[in-house]
Structures are given as C-alpha cells and as structure tokens.
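The structure appears right after this line, and notes come after that.
The values are calculated or read from the model by the stated rules, or taken from the named source; none is laboratory data. Here the structure is a predicted model, which is why all the values come from computation and not from measurement. A quick note on method: Cβ atoms are made from the backbone with ideal geometry, for glycine too, and the neighbour counts reach across all protein chains shown.
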Amino acid sequence: MSFANPNYTDILATTIESRTRKLADNVTNNNAILKRLQAKGNIKTFSGGSKILQELTFAENQNAGWYSGYDLLPVGVSDVISAAEYDIKQAAVPVIISGLEQLQNAGREQMIDLMEGRMSVAESTIANLITGGLYSDGTGAGGKELDGLEVAVPLAPETGDYGGIDSATYTFWRNYVVDSASAADILGDWDTIWANLVRGADRPDLIMCDSVAWTAYVGALQAQQRFSNTNSGDAGFSSIKFMDADVVLDGGIYNGSLGTGAPTGTAFFLNCNYIHYRPHAARNMVPLSPNRRYATNQDAEVQIIAWAGNLTTSGRMFQGRWDMNA
C-alpha cells in the first residue's frame, strides 16, 4: 500500500499519544460533577473484569451495643458489605486525515497545525459526549450510553434494578425525590430534600441544575434576599449556595444550541462522596492503536481516541432530586 506522504503519517499517532493525559484532564474539567469527583478522589481507574464493581455498605454492624464489666460481647457474623456492579460502556471519536491533506500540508509545522485543529475538535466532541452521558439513563445508543444520573437518581427510585441491586426489595438503594407543582415552592421543596439526605456529616455538596431549575432558584433568592457569594465557583464553574452546597448551572449552550444535558426542570442533589467516575486504566482517552491505521479503500489515515468505563454509585440513599415536570 502506498501513502501520500509517509513521513508525516506518524504525526497523527504521536500527536494523540502525547495529548492523552491532557485529553483526560480536559474531559474532567469540562463538567462540575467530574471536577468535584476529582477533588474528592472519586475518579479511580479499574484494570479489568467483565463488570465494574463498586463496594458499598448497606447495613450497620449488628454486634454494636452497650455493655458493662464482664458482659459477653456478641461476635456473630454481620454481613454489611456488598458491591454494585456496572457494565463497561465505551466511547470513541476518530481523527482522520486524507492523503490530499497530507500533500497540501507538506511542511512539518503545517501538519502539526492541522492536527492541533483536528485534536481540538475531537477533544471537545468526546468531552461533550461524556458530559451528556452523565445525565443519561444508560439506554441511549442501544444501551451503550453511560449509566448517568437519570438512572442513578431516578424519578421512581422504588422500581427497577441499578448496579445489579433491586430497588423494590432494598430500601437502602433508593434516592429521595420531590415532585414540585410550582416553581414558587422551590425553597420549601429544597428544604425537605435536604432534611431527608442529611446523616450526621453526610449531606449533599453539589446541586446540579438545568436552566429552568436554576432560574427558579435564583428567582426565589431574589425575593428572599438570600444570595450567597456568587464567586464561590468550583474550578471555574459559577455557583451560588443552598445551605453549604454549591448550586451549579449546567445549562446555557449545549451541543450548539440552548439547553443542557440535564432533564428540563430538574435539580440533582448530589453527595459526591458516594458517586464515582470509573474509567478503564487502559482506555482513558487514549488512541486505540498507536500504530498507523489506513482505510482499505481510501487514501486516508485514521486514529481513534477511545474511552471505556462508567459512572457508579456506592450510596444511592444519599442522593436526591427535585423535579418540576412530574
């Protein structure tokens, strides 16, 4: 097989290879949820297996209790640790350069400039793909999409399996939901959600809103004159406060149009201590093959940036949701 310019084909692979770490970081920095999980140390790779296992504690140790002097202490087996299991989801974006483009960009600097442009587009594309997937229910693209917040923190928490655990059977595997009749009820609704998600020091630390929920909350704050510092954003994400949790708008412009990945009229109350982003160690925004890939019937070279993993939860009972559409 002949190539338009074999001296430059290595640039495509080496450009992707050298930007692998930056690409993974850019995806993390693209969304307030992933940025918060990174700060919590909850972005952890896994190295193999047919499923992603997320350990969780579902009960207290039944041997705990008061005693006096020589009282016998219970030492019975207390089964309190289990694991949720999640499918490995995959995503990819190809970066392509034709033989003609190689000829037209004959100088090394010109070729690098071309690849920088292609990589920038690829980076933003896959970052937006995963950001949108954070809100999915896992059924998109024929069940290949990320298991996002729509299934982790659903509107009907008492039904369905999630992570291989039946929510109808196990009450600890249910999030808390408030269906709102009106935006005017938002402060009272949010107070109710908060009260049902606090356990000692455990409480929501991040509230992700779409544009509708954000506007309703800001409007309520204006009426109550209860603004907090609007400069307390998490790593560049502008936020305000509810209690001591950051309220972040994940709306505005999304995929080239107004909107967001979050469902309309929704606010997710997230305790990020119990949410985990689990990319595969060998597929965290890396080229599928560092070697040359050529189309069999075209004068073109392609490299594929690949990702594999999922979003997991170890404490569903600590998550909440406010919905203004039900």
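Here's the yes/no breakdown for (1) at negative phi; (2) part of a strand (DSSP E or B); (3) out of contact with any Leu (no Cβ under 6 Å at 6 or more places or on another chain):
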residue: 124; (1), (2), (3): yes, no, yes
residue: 136; (1), (2), (3): yes, no, no
residue: 141; (1), (2), (3): no, no, yes
residue: 150; (1), (2), (3): yes, no, yes
residue: 154; (1), (2), (3): yes, no, yes
residue: 172; (1), (2), (3): yes, no, yes
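For the criterion of being at pLDDT 80 or above, of a type in the set (Ser, Thr, Tyr) and out of contact with any helix residue (DSSP H, G or I) (no Cβ under 7 Å at 6 or more places or on another chain), residue 264 fails. Scanning the stretch 125-135 for residues that are in contact (Cβ under 8 Å) with a residue 40 or more places away in the chain and of a type outside the set (Phe, Trp, Tyr) turns up 126, 127, 128, 130, 131, 132, 133, 134.
Every condition in (1) buried (at least 20 other Cβ atoms within 10 Å of the Cβ); (2) over 20 Å from residue 267 (Cα atoms) is met by residue 114 except one, and the failing one is (1). Highlighted here are the helices (runs of 4 or more DSSP H) found entirely within the stretch 1-67 that include at least 1 residues which are among the acidic types (Asp, Glu) and either farther than 30 Å from residue 239 by Cβ or modelled with pLDDT under 80 (or both): 6-18, 20-29. Scanning the stretch 138-148 for residues that are more than 12 Å from residue 310 (Cα to Cα) and not hydroxyl-bearing (Ser, Thr, Tyr), which turns out surrounded by the fewest Cβ atoms within 10 Å (Cβ to Cβ)? That would be 142. Of the residues examined, residue 207 is one that is of a type outside the set (D, E, K, R), in contact with an Asp or Glu (Cβ under 8 Å, 6 or more places away or on another chain) and crowded, with 16+ Cβ neighbours inside 10 Å.
Would you mind stating whether residue 185 is more than 18 Å from residue 83 (Cβ to Cβ), at pLDDT 90 or above, loosely packed, with under 13 Cβ neighbours inside 10 Å and not aromatic (Phe, Trp, Tyr)? No: the conditions fail for residue 185.
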